[in-house]
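The values are calculated or read from the model by the stated rules, or taken from the named source; none is laboratory data. On a predicted model such as this, the values are computed, not experimentally measured, just so you know. Quick reminder, even Gly has a Cβ in these numbers, built from the backbone with ideal geometry, and neighbours come from all protein chains shown. The area values use the complete protein model at the heavy-atom level, side chains included, leaving out ligands, DNA and RNA. Shrake-Rupley method; radii C 1.70, N 1.55, O 1.52, S 1.80 Å.
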Amino acid sequence: MTELRVLRGGGRGPTVVLLHGLGATADVWDGVGQALAGVSWVAPDLPGHGGSAHLDGYTFAAVAAAVAPLVDPAGTVVVGHSFGGVVGLHLAGVPGVRAVVGVGIKVSWTPAELAKAADLAARPASIFAARDEAERRHLRIAGLDGLAAAPDAAVRAVPGGWGLAFDQRAFGVGEPGVAALLAAAPVPVLLARGEHDQLVSSADLDALVPEFVVLPGLGHNAHVENPAALVNQLPPLRVLLE
């Protein structure tokens with residue numbers, strides 16, 4: 001079993017499993033955990049992120065397998081953001097999963113974008129002279145500039161200075177194959193995007209599913225920008241509060 005750093009909260013079920021995006025940590029779900037108001041939730045640092053162990057190699061399926069033990073067989077709703085949303089789709093068939101919500105999943109990739117991601121995955125890890133430099137890089141990679149502070153788990157002391165906890169080899173997961181994952185999902189799946197999300201358009205989602213949620217006024221990191229709005233506008237979460 002992959003060693004994971006896991007944040008937890010709430011009490012009553014079913015459990016909500018919260019999966020962050022590429023380069024981030026579980027800390028981005030703090031506001032959502034508060035908005036869930038007593039509903040049981042767990043949020044791991046995905047493998048290769050924050051305080052969780054690295055994998056020998058990264059695929060969406062391998063990351064999903066590492067977090068699958070967090071699924072409560074008595075009932076679980078999986079909510080994933082971006083990269084974490086794809087991981088969530090891979091969990092759709094795990095016993096106990098009742099529904100999957102994918103927020104801000106980039107579903108359309110060009111060959112140039114995939115080549116750039118592969119190049120990033122192959123680069124050596126950067127070393128920074130000061131902790132705050134490493135923290136700024138973490139926020140840029142996670143798309144959180146101006147939205148959040150870097151958590152302690154995001155960076156670590158390394159020989160020669162400071163480095164990111166993030167294993168950048170995870171950039172190399174490849175094209176997510178969302179259409180096939182949707183077709184194979186044995187439970188309801190809801191896709192959502194922030195109105196101003198530049199990574200996925202309504203046209204992208206319209207080509208995949210008959211219905212989806214647009215979160216007014218929000219961008220790619222809707223769960224950080226307005227956690228309460230995210231919870232209240234996603235029916236699988238809203239019903240847990242009733």
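Rounded to the nearest 20, the Cβ-based charge dipole of the chain about its Cα centre (Lys and Arg +1, Asp and Glu -1) stands at 280 debye. Under 5 Å from the amide H of Gly51 lie the amide H atoms of Arg5, each residue being 5 or more positions distant or on a separate chain, with H modelled from the backbone and absent for Pro and chain starts. So what's the net charge close to Gly219: Lys and Arg +1, Asp and Glu -1, counting the other residues with Cβ under 10 Å from its Cβ? So the environment of Gly219 carries a net charge of -2.
For segment 222-238, the Karplus equation 6.51 cos²θ - 1.76 cosθ + 1.60, evaluated at θ = phi - 60°, returns couplings of 4, 5, 8, 5, 8, x, 5, 5, 4, 4, 6, 9, 10, x, x, 8, 4 Hz by residue, with Gly and Pro reported as x. Restricting to the chain, compute how many DSSP beta bridges are antiparallel as a %, nearest 5. In the chain, DSSP labels about 30 percent of beta bridges as antiparallel. Pick from Leu18, Leu89, Leu182: which residue has the top mean-square fluctuation in a GNM of the chain where Cα pairs under 10 Å get a spring? Greatest mean-square fluctuation among the candidates belongs to Leu182. Kindly list the residues of segment 208-232 that lie in the label zone of Ser108, defined by a backbone N under 15 Å from the point 7 Å along the Cα-to-C-beta vector. Of the residues in segment 208-232, 208-209 have backbone N under 15 Å from the label point off Ser108.
Of the DSSP beta bridges with both residues in segment 1-122, give the percent that are antiparallel, rounding to the nearest 5. Close to 20 percent.
Across segment 165-182, computed HN-Hα scalar couplings (Karplus, 6.51 cos²θ - 1.76 cosθ + 1.60, θ = phi - 60°) run 5, 4, 8, 5, 4, 5, 4, x, 5, x, 5, x, x, 5, 4, 5, 5, 5 Hz from first to last residue, x flagging Gly and Pro. Can you bin segment 92-169 into rounded, prolate or oblate? Criterion: square roots of the alpha carbon gyration tensor eigenvalues sorted a ≥ b ≥ c, rounded for a/c under 1.5, prolate for a/b above b/c, oblate for the rest. Prolate shape, in that a/c is at least 1.5 and a/b is the bigger ratio.
Our estimate of slack between Leu208 and Glu133, defined as 0.36 nm per intervening residue step minus the Cα-Cα distance, is 23.0 nm.
Annotation: amide H-H contacts under 5 Å for Val158 (H modelled 1.01 Å from N, sequence separation of 5 or more, or interchain): Gly163. Over the chain, accessible surface divided per residue gives 43 Å², non-protein components excluded, 1.4 Å probe. Summary value for segment 37-109: 26 percent relative contact order, contacts being C-alpha pairs under 8 angstrom separated by 6+ residues.
Which residues does a label at Ala53 reach in segment 66-108, if reach means a backbone N under 18 Å from a point 7 Å past the Cα toward the Cβ? Residues passing the 18 Å test: 66-71. Positive-end ranking of Gly163, Gly219, Ala142 along the dipole of segment 140-242, with charges on Cβ about the Cα centre, is headed by Gly163.
Of all DSSP bridge pairs formed entirely within segment 126-230, close to 60 percent run antiparallel. Along segment 82-94 the Karplus relation, 6.51 cos²θ - 1.76 cosθ + 1.60 evaluated at θ = phi - 60°, assigns HN-Hα couplings of 6, 3, x, x, 5, 4, x, 4, 5, 8, 4, x, 6 Hz to successive residues, with x for each Gly and Pro.
Rounded to the nearest 20 debye, the dipole size of segment 147-242 about its Cα centre is 280 debye, using +1 on the Cβ of Lys and Arg and -1 on the Cβ of Asp and Glu. What a 1.4 Å probe finds exposed on the chain is 55% carbon and sulfur by accessible area, rounded to a whole percent. Between the amide H of Leu215 and those of Arg193, Gly194, Glu195, distances stay under 5 Å, these residues lying 5 or more places away or on another chain, with hydrogens modeled in the peptide plane.
Contact order for segment 91-235, expressed relative to its length and based on alpha carbon pairs under 8 Å spaced 6+ residues apart, stands at 30 percent. Each Cα pair under 8 Å and six or more residues apart adds its sequence gap; the mean of these over the residue count of segment 180-238 is a relative contact order of 31 percent.
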